[in-house]
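Scroll down for the structure; my scribbles are underneath it.
The values are calculated or read from the model by the stated rules, or taken from the named source; none is laboratory data. Bear in mind the structure is a predicted one, so any value in this text is a computation, not a measurement. Please note: Cβ atoms are built from the backbone with ideal geometry, for glycine as well, and neighbour counts cover all protein chains shown. Side chains are part of the model used for accessible areas, which takes the heavy atoms of the whole protein and leaves out ligands, DNA and RNA. Shrake-Rupley method; radii C 1.70, N 1.55, O 1.52, S 1.80 Å.
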Amino acid sequence: MTKARLLRLSVVLVSIFMILLIIVYWDNVGTAHFYLHTSFSRPRSPGAIAAGEDWEALPDVDEFLAKLLSSSLKQNSSIPRKTEQLLVQGSNKPVVSNVEENVRGYDWSTHKDRNSLDQEKLQVERQRTLREFCANSSFTFPTKERSFDDIPNYELNHLIVDDRHGVIYCYVPKVACTNWKRVMIVLSESLLDQGVPYRNPLDIPREHVHNTSTHLTFNKFWRRYGKFSRHLMKIKLKKYTKFLFVRDPFVRLISAFRSKFELENEDFYRRFAIPMLKLYSNHTNLPTSVSEAFGAGLKVSFSDFIQYLLDPRTEKMAPFNEHWRQIYRLCHPCQIDYDFIGKLETLDEDAAYLLQLLKVDRLLRFPPSYRNRTASSWEDDWFAKIPLAWRQQLYKLYEADFVLFGYPKPENLLKD
C-alpha cells in the first residue's frame, strides 16, 4: 500500500516538474512573430496560414510550430519587442568625411533620366541562371552539394530577418549593404531614436547600422529558440520574401581594397595590413598604428592583397573576411531559393522595383543611390601589374560568383 502511494506521489511530482519546465521553456521559445504582410512570390494571408493551407508538405514539428506561431499574427505589429530594440538617444544623422566621400563615392542625385528596365523579365532571367547552375552537376564549387541543415549557424549571420513585413535580406559587404541594412532597420523597427522607431533610413547613424545587436539574424535563432531554431528558419524561408544584392566579383574586390586599405582603418591595418606587409613586402618593425604607417608611406599594395587572397595559408588561419568572402559563402544561393536578385550595376531600378513588390514603397524609399566610384572599366588598370597566372587563379577562386549571378568571364584579364 505504501509503495503504491509513493509511486502515485512520484508520478504527480514528475508531472508537475515537466509542466513547469515546459512553461519556462516555452516562455523563451514562444516569442516568435510571423507578420506575413508581403504578397510577393508565394503570398499567403494570415487566415490561410492559420487554416493550415500549404503546410501539408512540412514535417510534423514544422506544421505544429507554424500553426501555433501563426496565431501571433493577430497581435498588434506596432508593439515593439524589447529584446530586439536598441535605444538610441538623440538624433544623429550619418556624417561622411570628405576622404571617405571621395573613396566610397556617394551620389546624391536622383537619376530620373535613366531608362527603366523590364524588371520582371530581368528577375526571371537572373533566377533561371542561378537555379540552372545550382542544378548543373558538371559545375562544382565548395559547399554546393550540402543541404541547408548542413550549414553551421555561424555561417547564417548575414541573413537579416524582418518579421513585421516577412522579409529576409542577405547582406553582401561592398554591395550597398549599409543602406539596405538601414532599410531593414526602418521596416523592422529594431532601432529607436528617443523612443520612436526611425522612419528615414539616412537618419540612422552608420555605427549603429553595422552593430550586430541591431539586427535579428539567423545565427541568433539558436539562442532564442533552441532546438526549434532550424524548424523556424525553414518556415520563414518558405513564407518570407528573400532577397540579396550582388556585384561583379573583381570590381567588388577592388572596392574592398580601396575602402579597407587606402583609408586609415585601424582594425584592418592591425588584422590584415601588418601581416600582408610582412609576408609579401618583406617589411619588419612596422608601426603599431595606421596613421604612423601611412605617414611613413607604408601601405598595402593591390598586389599584396591579391597574394594574400591566393595564399593557401590565409584560409587555414581563418575564413575570408566578409568584405572579400565569396557571395556564395555568405548567402548560400544553392541552398536558399531567393525571390529577388538585385545588382549594384542596376541599383536604382532594382531597389525601386523591390520596394514596390514588398509593398513598402509608401513607407520609405531607398536612400539616394550609392555609386561607388570603383567602376568595371577600372579593372584593366588595377590588374595591369598583376601576373597573368595570379589573375587566372583569382578567377577560379571567385568563379562561382561570376557564373551563378550571370557576370561574364573577364576574358581580357585572363589571356595574354
Pairs where the first residue, in segment 197-226, is closer than 21 Å to LYS242 by Cβ and the second is acidic (Asp, Glu) and part of a helix (DSSP H, G or I), C-beta under 7 Å, 6+ apart: LEU216/GLU84
Scope segment 152-192; condition crowded, with 18+ Cβ neighbours inside 10 Å, among the hydrophobic types (A, V, I, L, M, F, W, C) and either out of contact with any Phe, Trp or Tyr (no Cβ under 8 Å at 6 or more places or on another chain) or farther than 18 Å from SER229 by Cβ (or both); matching residues: VAL167, VAL172, VAL175, ALA176, CYS177, TRP180, VAL183, MET184, ILE185, VAL186, LEU187, LEU191
Qualifying residues in segment 400-416 (those that are assigned to a helix (DSSP H, G or I) and within 19 Å of LEU344 (Cβ to Cβ)) - the one most open to solvent (accessible area, probe 1.4 Å): VAL403
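If you scan segment 224-246, which residues turn out to be of a type outside the set (Val, Ile, Thr), in a helix (DSSP H, G or I) and closer than 26 Å to TYR328 by Cβ?
Hits for segment 224-246 are SER229, ARG230, HIS231, LEU232, MET233, LYS234, LYS236, LEU237, LYS238, LYS239.
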Segment 205-238, subset of a type in the set (D, E, K, R) and under 18 Å from GLU155 (Cβ atoms), residue nearest to the chain's Cα centre (by Cα): LYS220
Failed condition for ILE204, given (1) surrounded by fewer than 22 Cβ atoms within 10 Å (Cβ to Cβ); (2) under 23 Å from ASP350 (Cβ atoms): (1)
Cβ pairs under 6 Å, 6+ apart, first in segment 270-296 and assigned by the TED database to the domain that holds ILE306, second part of a helix (DSSP H, G or I) and open to solvent by 40 Å² or more (accessible area, probe 1.4 Å): TYR280/GLN307; VAL290/GLU266
LYS385 being modelled with pLDDT under 95, under 16 Å from LEU310 (Cβ atoms) and open to solvent by 30 Å² or more (accessible area, probe 1.4 Å): yes
Extreme residue, nearest to CYS134 (Cα to Cα), among residues of segment 388-399 that are surrounded by 14 or more Cβ atoms within 10 Å (Cβ to Cβ) and of a type in the set (A, V, I, L, M, F, W, C): LEU397
Test set (1) in contact with a helix residue (DSSP H, G or I) (Cβ under 8 Å, 6 or more places away or on another chain); (2) within 19 Å of CYS331 (Cβ to Cβ); (3) of a type outside the set (S, T, N, Q) - LYS220 fails condition number: (1)
